[in-house]
Amino acid sequence: MPFSLYDAVIPSNLQILGAVDALITKAEAFCADQGRTAADLIDARLAPDMLPFGYQVKSCAAHSLGGVEGVRAGSFSPDMSAWPSDFDGLHALLQSAIASLEALDRDAVDAMADSDTQFAFGETRIPFTGANFLLSFSQPNFYFHATTAYAILRAQGVKLGKRDFLGMLRLKR
């Protein structure tokens, strides 16, 4: 079976983006039940030097769809814009990424595997192939931010388990 960049990246991105979106729904219910504000969770951090939940969610979109768009453009730079400050905005961000990933053409993604891609931040330029960028930079970052978002909510008391992180599994049909 030949390597498929699409199969190596896109289905897992969709699975975890759906799970992170469901985490936001659980965070909303937790806030309503506990009399807490959305900002209590969106601004929550695991440690003082880590970025908050809202940033972690935004970064899931940035390292899934944004990673593919970076490969398509030949360059990826970190998104330094503000993240949504409410649950509706976080849902919208993820739903937009999910819809865009679902619309990708498998052959077009596979064709990006050998394309020149760079990570650019300030004066730093790191060269990659499209596949190496997505698999060794973007995908690990994607999972880091999804895991951190999950951990922040757990640390705040939201009742979550591993199944909440895994989302909808892709079972044999």
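Its alpha carbons considered, the chain gives a radius of gyration followed by a Dmax of 16.5, 53 Å.
By count of other Cβ within 10 Å, fewest leading, how are His145, His91 ordered? The partial results should precede the final answer.
On the way: His145 23, His91 17.
With the sparsest Cβ surroundings first, the list reads His91, His145.
The packing ranking of peptides 72-82, 161-171, 92-102, 7-17, highest mean first, is 7-17, 92-102, 72-82, 161-171, where packing means the average number of other beta carbon atoms within 10 angstrom of each residue.
Qualifying trypsin sites (Lys or Arg not before Pro) in the range 6-56, where qualification requires a DSSP coil assignment and no more than 16 other C-beta atoms within 10 Å, comprise Arg36, Arg45. DSSP beta bridges confined to the chain are antiparallel in about 75 percent of cases. For the pair Ala82 and Gln34 in one chain, pulling the backbone fully straight at 0.36 nm per residue adds 14.6 nm over the alpha carbon distance.
Any idea what the alpha-carbon Rg over 2.2 N^0.38 Å comes to for the range 86-169? Walk me through the numbers before you get to the answer.
Details: Rg = 16.2 Å, N = 84, 2.2 N^0.38 = 11.8 Å.
Its radius of gyration relative to the 2.2 N^0.38 Å reference: 1.37.
Report, as a whole number in µm² per second, the diffusion coefficient that Stokes-Einstein gives for the range 21-74 at 4 °C and 1.567 mPa s using the Kirkwood radius over alpha carbon pairs.
Details: Rh = 12.6 Å.
Here the translational diffusion coefficient equals 102 µm²/s.
For the range 99-110, the Karplus equation 6.51 cos²θ - 1.76 cosθ + 1.60, evaluated at θ = phi - 60°, returns couplings of 4, 5, 5, 5, 7, 5, 8, 3, 5, 5, 5, 4 Hz by residue, with Gly and Pro reported as x. Positive contributions from Lys and Arg (+1) and negative ones from Asp and Glu (-1), summed over other residues with Cβ under 14 Å from the Cβ of Ser64, come out at -2.
3J(HN,Hα) along the range 73-85, derived from phi through the Karplus expression 6.51 cos²θ - 1.76 cosθ + 1.60 where θ = phi - 60°, amounts to 7, x, 7, 10, 10, x, 7, 9, 6, 5, 8, x, 9 Hz, with x in place of Gly and Pro. Ranked by the mean number of other Cβ atoms within 10 Å of their residues, highest first, the peptides 106-114, 134-142 come out as 134-142, 106-114.
Measuring between their Cα centroids, the range 20-84 and the range 112-173 lie 12 Å from each other.
Taking R0 as 22 Å, what FRET efficiency do you get between Thr25 and Tyr143 from their Cβ-Cβ distance, rounded to the nearest 0.05?
0.60
Between amide H atoms placed 1.01 Å from N, distances below 5 Å from Phe119 occur with Phe76, Ile126, Phe128, all of them 5 or more places distant or on a separate chain.
For Lys26, the lysines whose Cα comes closer than 23 Å to its Cα, not counting residues fewer than 8 places off in the same chain, are Lys58, Lys159, Lys162. With 0.36 nm allotted per residue and the present C-alpha distance subtracted, the Leu169-Ala8 stretch has 56.5 nm of extension available.
Note down the magnitude of the dipole of the chain about its Cα centre, charges +1 on Lys and Arg C-beta and -1 on Asp and Glu C-beta and zero elsewhere, to the nearest 20 debye. Walk me through the numbers before you get to the answer.
On the way: 14 positive and 19 negative charges, 140 e Å.
Computed about the Cα centre, the dipole is about 680 debye.
Just so you know, all these numbers are worked out from the coordinates, no wet-lab data involved. In this text the structure is predicted, and so the values were computed from the model without any measurement. Note that we place each Cβ from the backbone using ideal geometry, even for glycine, and neighbour counts take in every protein chain shown.
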